[in-house]
1. Taking strands (runs of 3 or more DSSP E) that fall entirely within region 3-76, which contain at least 1 residues that are surrounded by fewer than 18 Cβ atoms within 10 Å (Cβ to Cβ) and touching a helix residue (DSSP H, G or I) at 6+ places or on another chain (Cβ under 8 Å)?
2. Within region 300-323, how many residues turn out to be within 16 Å of the ligand (Cβ to nearest atom) and either surrounded by 18 or more Cβ atoms within 10 Å (Cβ to Cβ) or assigned to a strand (DSSP E or B) (or both)?
3. Given the conditions (1) away from the ligand (no atom under 14 Å from the Cβ); (2) within 29 Å of residue 38 (Cβ to Cβ), report the number of the one that residue 248 does not fulfil.
4. Taking residue 252 and the conditions (1) assigned to a strand (DSSP E or B); (2) over 20 Å from the mean Cα position of the chain (by Cα), which numbered condition does it fall short on, given that it satisfies the others?
5. What number of residues within region 189-227 satisfy the criterion of being more than 16 Å from the ligand (Cβ to nearest atom) and touching a strand residue (DSSP E or B) at 6+ places or on another chain (Cβ under 8 Å)?
6. Of these, 291, 276, 268, which one is within 13 Å of the ligand (Cβ to nearest atom) and part of a helix (DSSP H, G or I)?
7. So, in region 77-113, how many residues would count as being on the phi > 0 side of the Ramachandran plot and part of a loop (DSSP other than H, G, I, E, B)?
8. Just to be sure, is residue 186 near the ligand (Cβ under 8 Å from one of its atoms), buried (at least 23 other Cβ atoms within 10 Å of the Cβ), in a helix (DSSP H, G or I) and modelled with pLDDT of 95 or more?
Ligand SMILES: *Cc1c(COP(=O)(O)O)cnc(C)c1O
């Protein structure tokens, strides 16, 4: 595999710890967490791994402005704002939401000096690409080179961040003298899952990759995974690998989407609270808490297929928790 250029920024390898108390007795199953929330304080989470592969392309194209989009509490947008500031670039974010008191990730976007354009849900759904394109043109008319990244940095290049993470996990398996049978991850825009999927297909084929959809049950993640991987392999001159890849093993669980992106059930909030008290680990209501709450239920229901060593990737999201503290009865 010809890999694209990587700009090393994230604090990796991230550690893997075993978690015991909160799962209760589960014979034949050990549960581990890979702390991708340790990738860096300001850019905590999974997005920085993707940005490591997107930024070299942006630099090569002479980018002076980074443009991207997401929800108002987007972790990806906050990570982009932080890294933009570190690299001396301007960041312009297109956020779904209303201008309100900046808290959580939105506060950090502003703290890092990102310019924020707020749009409605409908505009976000239907025309965010055009809106970003208009902003790009505006910068270009000022003589500045702007670079647009998609939602969640889930582009073909960004996907390599989790191909790389898959290799990192294989290395850790050697060091820990363990084999992970299942890797589970919260799934939104799909780039994280796609990178892991490519890693497993290309390097191993042995693991079960379980995605927990937290976004929208109408999303077809088999097609999304295929599209992101295809784009990535084409962009890097690896098309010939496509013929060897099967996409029928995409394993996405839609049972815990609830009311969709950003919505979290009372049970999941309770779960985050009890997990924090039993393990001293902070999960978030949009991604990791919702997904792990789902995974724990799946573990009870799917004894046949969910066994052995299960690794959950903690993909971050802690700053978003700070925007929603009122939902927790503390
Ligand atoms: C973006 C995000 C995810 C989902 O990753 P995708 O690649 O968009 O599927 C999971 N967890 C957190 C905390 C995130 O910010």
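1. On the way: elements: 16-18, 29-35, 65-71.
Those strands (runs of 3 or more DSSP E) span 29-35.
2. Keep residues of region 300-323 that are within 16 Å of the ligand (Cβ to nearest atom), which gives 311-323.
The next check asks that each one be either surrounded by 18 or more Cβ atoms within 10 Å (Cβ to Cβ) or assigned to a strand (DSSP E or B) (or both); those that pass are 311-321, 323.
Number satisfying all stated conditions: 12.
3. Residue 248 satisfies every listed condition except (2).
4. Only one criterion is unmet by residue 252, namely (2).
5. Residues of region 189-227 that are more than 16 Å from the ligand (Cβ to nearest atom), as a first pass: 201-208.
With touching a strand residue (DSSP E or B) at 6+ places or on another chain (Cβ under 8 Å) added as a condition, the list becomes 207-208.
Number satisfying all stated conditions: 2.
6. Numbers: 276 fails: within 13 Å of the ligand (Cβ to nearest atom); 268 fails: within 13 Å of the ligand (Cβ to nearest atom).
From the options 291, 276, 268, the qualifying one is 291.
7. 3
8. On the way: near the ligand (Cβ under 8 Å from one of its atoms): yes; buried (at least 23 other Cβ atoms within 10 Å of the Cβ): yes; in a helix (DSSP H, G or I): no; modelled with pLDDT of 95 or more: yes.
When the stated conditions are applied, residue 186 does not pass them.
The values are calculated or read from the model by the stated rules, or taken from the named source; none is laboratory data. Model, not experiment: these values are computed from the prediction. Using ideal geometry, Cβ is built from the backbone for each residue, glycine included, and neighbour counts are taken over all protein chains shown.
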